[in-house]
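Quick notes on the structure that follows.
Since every read-out is calculated from the coordinates, none of them should be taken as a lab result. Remember, predicted model here, so these are calculated numbers, not experimental data. Cβ placement follows ideal geometry from the backbone for every residue including glycine, while neighbour counts extend to all protein chains displayed.
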Amino acid sequence: MPLRTKGWSMFPEHHRAVADLLKKEKLHFTFQHADEETGHIKDRDTNVMGRFDCPNTKCTQKGWSSKKIAVWVRLYPGSRYNARVYNQRCKSCNSLGRPTLDDSYAERIAYRLKRWSDIKLEPPPYSGGNGKPHERDLCEGCKNGHCADGELEERMESFHF
């Protein structure tokens, strides 16, 4: 039986980029390495952009880009935070891919931490809507109830026009 891969990843290696974006406001946060679902004082679902490589060497789909990678950001006591970044499945073979993130990760996390620190900010520009439709069956964030895009689609489907 193959090993079950987690549907998400954490990226503590991006903390320095987040911390650099917080310097102007003199904010200091620590990355919470323990991936705990409880104990946080605030949380927010959002999304970032990046690229996935298919881990299946026999698959013809080598990789794909995504403008809608689900992220669950959590704030813990003592100015600690973490972010669970949800993986996506390959459309060709259904293997679970882990993302390579772009700068939008640090920008989105820093934005959320600033908001939680009561710093007034303009909302970040919305980059969705120009790409392919969100594929909920391939999104681990949707499956775990932490995809901002999947939640929006669900709410829209509930309206009867």
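A few notes on this one:
- Rounded to the nearest 20 debye, dipole of the stretch 21-62 from Cβ charges on Lys, Arg, Asp, Glu: 380 debye
- Charge dipole of the chain (Cα centre as origin; +1 on each Lys and Arg Cβ, -1 on each Asp and Glu Cβ, all else neutral): 320 debye, rounded to the nearest 20.
- Approximating the spin labels as points 7 Å out from Cα along Cα→Cβ, the Glu135-to-Lys23 distance works out to 4.0 nm.
- In the chain, the convex hull through the Cα atoms has an average projected area of 11.7 nm², a quarter of its surface area.
- Farthest toward the positive end of the dipole of the stretch 43-148, out of Thr46, Gly141, Ser104, is the Cα of Gly141, where the dipole comes from beta carbon charges about the Cα centre.
- Segment Lys62-Leu121, extension gain: residue separation times 0.36 nm, minus the distance between their alpha carbons: 17.4 nm
- Label separation (Ser9 vs Ala148): 2.0 nm, computed from points 7 Å beyond Cα along the C-beta direction.
- Cβ crowding within 10 Å ranks Tyr76, Tyr86 as Tyr76, Tyr86, fewest other Cβ atoms first.
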